[in-house]
1. Using the Cα atoms of the range 209-341, I'd like the radius of gyration and the largest Cα-Cα distance, Dmax, both in angstrom.
2. Round to the nearest 10 and give me the degree value, 0 to 90, for the angle of helix 70-83's Cα axis relative to the longest principal axis of the chain.
3. Translational D (Stokes-Einstein, µm²/s) of the range 47-122 at 25 °C and 0.890 mPa s when Rh comes from the Kirkwood sum over C-alpha pairs?
4. For a protection proxy built on the mean count of beta-carbon atoms within 10 angstrom, sort 48-58, 129-139, 285-295, 164-174 highest first, please.
5. At 0.36 nm per residue, and after removing the present C-alpha to C-alpha distance, how many nm does the segment from residue 191 to residue 343 gain when stretched out fully?
6. Report the residues of the range 320-345 in range of a label on residue 214: point 7 Å along Cα→C-beta, backbone N strictly under 13 Å from it.
7. From the P(r) of the range 8-198, could you give the percentage of C-alpha pairs in the tail past 22 Å?
8. Using a 10 angstrom cutoff on alpha carbons, build the Gaussian network for the chain and name the most mobile of 300, 349, 325.
Ligand code: AHG
Ligand code: MN
Ligand code: MN
């Protein structure tokens, strides 16, 4: 481009249309442009805040049992309207729709499937906090009869051909991977373009930051308790360094921070939930975020296996998620394996170990 900037369209044409990837196929760039158009419209609606008339509850519940905010419903509609008409999609799945939404008969159907969380972190809306949208693109399985039903979506996340999220913060950004690294675009509002600002993001292997909803501690399994306790013990504990904790209550905001500077995010198995599956939904939260994190050199596991290898049991099934900086996620995976083998080390409070502040040599 003349000014040296790479817009989202240029990036997609260069990446997908001029050098087609074997698994993506034609039309993916056009589909992602439509997703980006939905994101721009959502960004505009969110910027109006309370003036937009969309604050508060819709007085309805989605299939996960969560109370829907008005903006959950509005943003879902924006995604559907922007993406169902273009002849590229066969069907959609959303956090805010109970069943598969096949592309209506009045439109042509294509080869792609879209799963999305139109508004992530929606408890942050009414307090003007950071929220996001998350999406995942699959290709329709070869030979599957029209219209696509649930079975088309119930495949492990490693078959995704694209995944991304939008973060609606002080600036709106689109973070995307089509399988060749994770890249971020910033919305230039007055022009309406997404401009490439972060190429080939790499998550540092090490970190001193973790994010978890600590109010759930009593429901965690021993390996997660052990990890978090060791982080909290800081430099006088076995980790021998201090950690910081963060919790924004929006997976998008947490993953974005981790992509920008490293860290670990956990929504682990949880004794509150039936089947111990944690809180996050596999198809439109865990899978796309795990794809982006792996493409940036990080790891994403349930504790026991790679998230992207989990075969979904249902459209809205949940899965435990532990993702981020490679060495920390590997450590947490090891703690799970040690626990399964009954090899947990008994916890010793750092107040009583050799580095204790209470011992004369440490306090000197
Ligand atoms: P959503 O707003 O789409 O329902 O997702 C919220 C999710 C996730 O983004 C976040 O990490 C988590 O739920 C927040 O959980 P807590 O309510 O436990 O903070
Ligand atoms: Mn969500
Ligand atoms: Mn949501």
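Coordinate-derived values only; no laboratory data. Small disclaimer: the values here were computed from a predicted structure and weren't measured. Cβ coordinates were reconstructed from backbone atoms using ideal geometry, including for glycine residues, and neighbour counts include every protein chain displayed.
1. 13.8, 45
2. Long axis of 70-83 versus the principal axis of the chain: about 50 degrees.
3. Using the Kirkwood radius from Cα pairs, D works out to 185 µm²/s.
4. 285-295, 129-139, 164-174, 48-58
5. My answer for the length gained is 48.9 nm.
6. none
7. 46
8. Among 300, 349, 325, the largest mean-square fluctuation in the Gaussian network model of the chain belongs to 349.
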